[in-house]
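Participant: Below are the structure tokens for one structure; questions will follow.
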Amino acid sequence: YVVLVSIFFITAGLSIAIAVTPTLSHLEDVFVNALYVPDINFLRGFVTKKSFKHTLTSYYGKTRLPIASYSWKSIKLLIEGMFTNNHEGISYKILDFYGNDPVCLFKFFVSSGDPQTIYSWSLLGLNFLCFGIISLSYAAVFFITSVSSSSLSQGATGNLVRNRNSRLQQKISIIILTDFLCWVPFIIISFLHTIGTIDASPWYALLSILILPINSVINPLLYDDTVGKILSKIFRRNKQDANVETEINDNRMQTTELTLDIARE
């Protein structure tokens, strides 16, 4: 019990840390993609660091440092230096890690030029590693139960254990399959998006809101037998109802035939 509680708090803390890290202000050079300055008319829309190069070099002249070494803080100071502060300064809006989609989602679809590429792919790699460890663990359980079932003798006890192992193996196969279908195609699509083979941005909301959460929803149902028992009861009840209806129809047919025989006589 203590181990399970410890694992829960560790995983919960790690999840919170992963989610909060992109919002930290001192990491904006990693997690901010672009800057929007609504007070400056000629800076239309969200502008990346690279796009600021022309504006800054036109005003200040060629700088000794490449634009890639500028922080967003220094870019803001350079922009503010181009204008007076008579109108209560200049306001900014940022395009950050969670602002790349109309729905606030974790950014897994990154291009090769995104500053968050390493962060996002580290998490995708961690997910794939976890999937591999889980699959190997379940495969070991599957193998052990198979060996155990083959070594059992015939009889009521042996058949009971074999049936239990068979149900366990089916459950393991379904769990591995659902994990694979939910995560591996998503990782492949993310990779193809990163290298520029496809543009998967239009699919991101659908995949992140629908496909990925399905894995979290399905797993508790697979681990617990309640749903299976309910479906089994429903199936048995429907089968019993069908048998009763068939028996009633047979009785009606027999009664009709008997009536016809009496009428002929």
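The values are calculated or read from the model by the stated rules, or taken from the named source; none is laboratory data. Bear in mind the structure is a predicted one, so any value in this text is a computation, not a measurement. Quick reminder, even Gly has a Cβ in these numbers, built from the backbone with ideal geometry, and neighbours come from all protein chains shown.
Participant: Just the residues that are touching a residue at least 12 places away in the same chain (Cβ under 8 Å), part of a helix (DSSP H, G or I) and surrounded by fewer than 17 Cβ atoms within 10 Å (Cβ to Cβ), please, taken from region 107-120. Full working, then the answer.
Facilitator: The first filter runs over region 107-120 and keeps only residues touching a residue at least 12 places away in the same chain (Cβ under 8 Å), leaving 107-112, 114-117, 119-120.
When the remaining residues are screened for being part of a helix (DSSP H, G or I), the result is 117, 119-120.
T117, the sole residue that qualifies.
Participant: Between A12, A68, which is at pLDDT below 75 and assigned to a helix (DSSP H, G or I)?
Facilitator: On the way: A12 fails: at pLDDT below 75.
That would be A68, the only listed residue that is at pLDDT below 75 and assigned to a helix (DSSP H, G or I).
Participant: May I pose another question? Checking I7 against (1) surrounded by fewer than 15 Cβ atoms within 10 Å (Cβ to Cβ); (2) of a type in the set (A, V, I, L, M); (3) under 24 Å from G113 (Cβ atoms), only one condition comes out false. Which one?
Facilitator: Checking I7 against (1) surrounded by fewer than 15 Cβ atoms within 10 Å (Cβ to Cβ); (2) of a type in the set (A, V, I, L, M); (3) under 24 Å from G113 (Cβ atoms), the one that fails is (3).
Participant: Taking S173 as the residue in question, decide whether it is farther than 30 Å from Y119 by Cα, at pLDDT 80 or above, of a type outside the set (V, I, T) and in contact with a Phe, Trp or Tyr (Cβ under 8 Å, 6 or more places away or on another chain). Steps first, answer last, please.
Facilitator: Values: farther than 30 Å from Y119 by Cα: yes; at pLDDT 80 or above: yes; of a type outside the set (V, I, T): yes; in contact with a Phe, Trp or Tyr (Cβ under 8 Å, 6 or more places away or on another chain): yes.
Yes.
Participant: Let me ask you something else. Within region 19-29, can one find any residue that is modelled with pLDDT of 80 or more, over 16 Å from P115 (Cα atoms), within 39 Å of the chain's Cα centre (by Cα) and not acidic (D, E)? Walk me through how you get there before you give the answer.
Facilitator: The initial filter retains those residues of region 19-29 that are modelled with pLDDT of 80 or more, namely 19-29.
Among the residues that remain, those that are also over 16 Å from P115 (Cα atoms) are: 19-20.
From what is left, the residues that are within 39 Å of the chain's Cα centre (by Cα) are 19-20.
Of the ones still in play, those that are also not acidic (D, E) are 19-20.
Yes, region 19-29 contains a residue that is modelled with pLDDT of 80 or more, over 16 Å from P115 (Cα atoms), within 39 Å of the chain's Cα centre (by Cα) and not acidic (D, E).
Participant: Additional query: Condition (residue is of a type in the set (F, W, Y), over 15 Å from E28 (Cα atoms), modelled with pLDDT of 65 or more and surrounded by 13 or more Cβ atoms within 10 Å (Cβ to Cβ)) applied to region 86-99: is it met by at least one residue? Full working, then the answer.
Facilitator: Our first condition is that a residue be of a type in the set (F, W, Y); within region 86-99, this holds for 92, 97-98.
The next check asks that each one be over 15 Å from E28 (Cα atoms); those that pass are none.
Among the residues of region 86-99, not one is of a type in the set (F, W, Y), over 15 Å from E28 (Cα atoms), modelled with pLDDT of 65 or more and surrounded by 13 or more Cβ atoms within 10 Å (Cβ to Cβ), which makes the answer no.
Participant: Quick check on this structure: which one of L35, L56 is touching a Leu at 6+ places or on another chain (Cβ under 9 Å) and either modelled with pLDDT of 80 or more or in a loop (DSSP other than H, G, I, E, B) (or both)? If you could, list the steps in order and put the result at the bottom.
Facilitator: Values: L56 fails: either modelled with pLDDT of 80 or more or in a loop (DSSP other than H, G, I, E, B) (or both).
L35 is the lone residue from the list that is touching a Leu at 6+ places or on another chain (Cβ under 9 Å) and either modelled with pLDDT of 80 or more or in a loop (DSSP other than H, G, I, E, B) (or both).
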